[in-house]
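Below: the structure, in structure tokens.
Values in this text are rule-based calculations from the coordinates and carry no lab data. Computed from a prediction, not measured in an experiment: that's the story for all the values here. Every residue, glycine among them, receives a Cβ derived from its backbone with ideal geometry; neighbour counts consider all protein chains shown.
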Amino acid sequence: MLAIVVSAYIYASMRERKFLRSEANQSLELQQKVYQAQVLKEINDRIGYSLDTGKIVDIITSSLGNLLEYDTVSYMVLEPDGKALFKCHVEKTVTHDFIEQVKHKMLMSYEAILNQAVAPKAVDESITGNILDDSLRVEVQSFFNLPVVISEKLVGLINVASSEKGRYGAEQASILYTITNQAATAVSKLQSLLESEKGKLAAVIYSLADGVITVDLTNQLTVYNPALKGILGIVTEKPLTMFDIVDSLAGKVDIRTKIEQAIAEDKPIAIPEVLLKDKALELTIASVKNSEGEIIGASVVFHDITTEKALEKLRQEFTAMMVHELRAPLTAVRWSSESLLKNLSAASGVEPAKVKDTVLTIETASNNMLELVNDLLDVAKIEAGKFELNMQEYDIVELINEQAKAFKPQAEIKHLAINVTAPEKYSLKFDRVRIGQVLSNLISNSIKYTDSGQIEINLSVNAEEKTATVYIKDSGIGVSREDLGQLFSKFKQLRGSEHARKGTGLGLVVSKGIIDAHGGKIWAESAGENLGSTFAFSLPLNK
Amino acid sequence: MTKILLAEDDKLISNSLCDALKAAGYEPTPAYDGEEAVAKTKESVPDLILLDIMMPKLDGISVLWELKANPATASVPVIVLTNIGDVDTISKIVEAGATDYLLKSDQSVDEIIQKVKDVLARTVKLS
């Protein structure tokens, strides 16, 4: 307590005396200011980005020799675990007892500042510098205790001590205060900056959907985020260890060796595909460095690519199917042209019936292909959001009848009847060509998937919901419950081994795009396989 | 007359190939899906089979396995005609015991007829 009171007194009186200084004093003061600035710069440079308070106190302490005379310079840090760290640098030879006196004075000062008894469980002591000689008769005659406060917290105490009386007056006090204050302020700022950056970083890592871990140089897990467990399928409430992670990877990748390699080569390692039981992961391993650029460990990012993989597979299947579907009509055109040419140049003469037949084949194949290419273009337009409608007021019953009539010949081949139940006339606004396309898609599907019975088309208007709904009901093979939801999605041509029919399934995707663009709804209902299906779409009346 | 079973679900392709086979002096029988193809070989064993892969009900590779499993048809030469040209499919076709393999859109009808002739000639020599 005394030390604090004394030092406060010295400080105050120094400020008063400031006005009485002579010019000679002013030049000395200037010189000292330059010196102070140098020391501060040195402290700043040495502290760098360190937030190790012990180290900071150490740096400040070791810089004081340039400014002050002392026999010993010491610092004491009280650790949160109740241990005390005491470091003493001996500048001039003193006795063990001298150092004990210093230590005692520092503890007293600590008690005064904290206003509580300080009895460290253990003191981690280190004495450096000159040799000690207990034969000397030296006592602590003057000393100065300086608290180091960073971010409003007492982090340590610096002490200078001398065997000469009256060593530390106002000038020295001023120097010490300035230095510790400025160093402490700089560190406080740095600390709060780093804390907030660290906080942000931690928040980012914690909120990442990817699993992230960091390990130290001994391959021990130091950090992991919550997403990790889910991605690796680890079920435990206990804190994770590296073993859990190695286990979950089931020998698919030797993560520890890869981490060691990333550290040894100081190069990120990407493992593009690790296939676990029900997951596909992409791993990126990189070394982690501290501010000095030393490698202190490694980080691993586990990115879940299961969905991407599944999509990629679907896309590949879709492409393969499209290639097949496009090649089929091309093949027919090619072979038919070939036989046509042969027929035309045959010595036996041209057979008109044969030629007509072949040309019909070419026509049908070309139409099939055109339809397919148009569907593909429509899907592309829908996906790009560039689907444009030509909305006009038309009679929808007229359009339904038109389409039903167009499909009659095709239905008759399979002995199917097409029946339309609708009012005589019903007008609303829609794109006639596009809705015609939807009707054509749905009716041709019904015919394709029905081997006997009939196709019923029916229009119903709901004045309350302000919708007009067209139902196309068949007595065909039906749709299983699990397939119903997938009918209108791209890449999905239901190809069951029992009753697969030709088709890309693009027609339904396009139909959905058209109905969506009208602000309507399209859906399918079926009681189950072989129980027939109903495809329906509704259009809003007020559009 | 040499009997050829043509398993092809695309009617247009089937028609034009049937015409060409007839013109070349063979007796083609069309089958429009995998099951029909297997059934037709049971009615009457053909001298050669032209087989598509992507077919309804039973795909070409399954048809091939069934043909090879049946002693009556195990030695009938099968030329696979398909438009799926990926390595995976080709290796499956070879594994299932096809005699030859042709990519439809790469061939002219004449080339296919020539292939049929070649395979038949080889088969006769062997038997």
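Short-range pairs are left out: with C-alpha atoms under 8 Å and at least six residues apart, the relative contact order of chain B is 23 percent.
Helix A:2-17 and the long axis of chain A differ in direction by around 90°, with both axes built from C-alpha atoms. Note on A:Glu412, A:Glu42, A:Glu152: ascending count of other Cβ atoms within 10 Å places them as A:Glu152, A:Glu412, A:Glu42, the fewest first.
Among the listed pairs A:Lys279/B:Lys57; B:Lys40/B:Lys104; A:Lys279/B:Lys92; A:Lys87/A:Lys238, those with a Cα-Cα distance over 30 Å are A:Lys279/B:Lys57; A:Lys87/A:Lys238.
Look at the Cα gyration tensor of chain B: its axes a ≥ b ≥ c give a/c under 1.5, and that counts as rounded.
The ranking of B:Lys3, A:Lys198 from fewest to most other beta carbons within 10 Å of each one's beta carbon is A:Lys198, B:Lys3. Ranked by the mean number of other Cβ atoms within 10 Å of their residues, highest first, the peptides A:430-440, A:457-467, A:477-487 come out as A:430-440, A:477-487, A:457-467. Rounded if a/c is under 1.5, else prolate if a/b beats b/c, else oblate: with a ≥ b ≥ c from the C-alpha gyration tensor eigenvalues square-rooted, which is the range A:370-440? Note, shape of the range A:370-440 comes out oblate.
For the range A:258-279, the residues whose backbone nitrogen is under 14 Å from a point 7 Å from the Cα of A:Ile295, taken along Cα to Cβ, are A:258-270.
Give the shape of the range A:309-384 as rounded, prolate or oblate, defined through the alpha-carbon gyration tensor: a ≥ b ≥ c are the square roots of its eigenvalues, a/c under 1.5 means rounded, and otherwise the shape is prolate if a/b is larger than b/c and oblate if not. Prolate, because a/c is 1.5 or more and a/b exceeds b/c. Take each residue of peptide A:333-343, count the partner chain Cβ atoms within 10 Å of its Cβ, and average: the result is 5. Between amide H atoms placed 1.01 Å from N, distances below 5 Å from B:Met55 occur with B:Gly60, all of them 5 or more places distant or on a separate chain. Taking only Cα atoms, what is the 0 to 90° angle, nearest 10, from helix A:53-63's long axis to the longest principal axis of chain A? The helix A:53-63 is inclined about 40 degrees to chain A.
Take the alpha carbon atoms of the range B:101-122, find their center, do the same for the range A:62-77, and report the distance between the two centers in whole angstrom. Result: 98 Å between the Cα centres.
Measure out, as a whole number of angstrom, how far apart the alpha-carbon centroids of the range A:106-128 and the range B:1-36 sit. If you average the Cα positions of each part, the centres end up 102 Å apart. Taken one residue at a time, the phi angles of the range A:406-415 give Karplus couplings (6.51, -1.76, 1.60, θ = phi - 60°) of 4, 8, 3, x, 5, 5, 5, 4, 9, 6 Hz. Gly and Pro are set to x.
Radius of gyration (Cα atoms) of chain A, expressed as a multiple of 2.2 N^0.38 Å: 1.81. The mean count of C-beta atoms from other chains within 10 Å of the C-beta of residues in B:75-87, rounded to a whole number, is 2.
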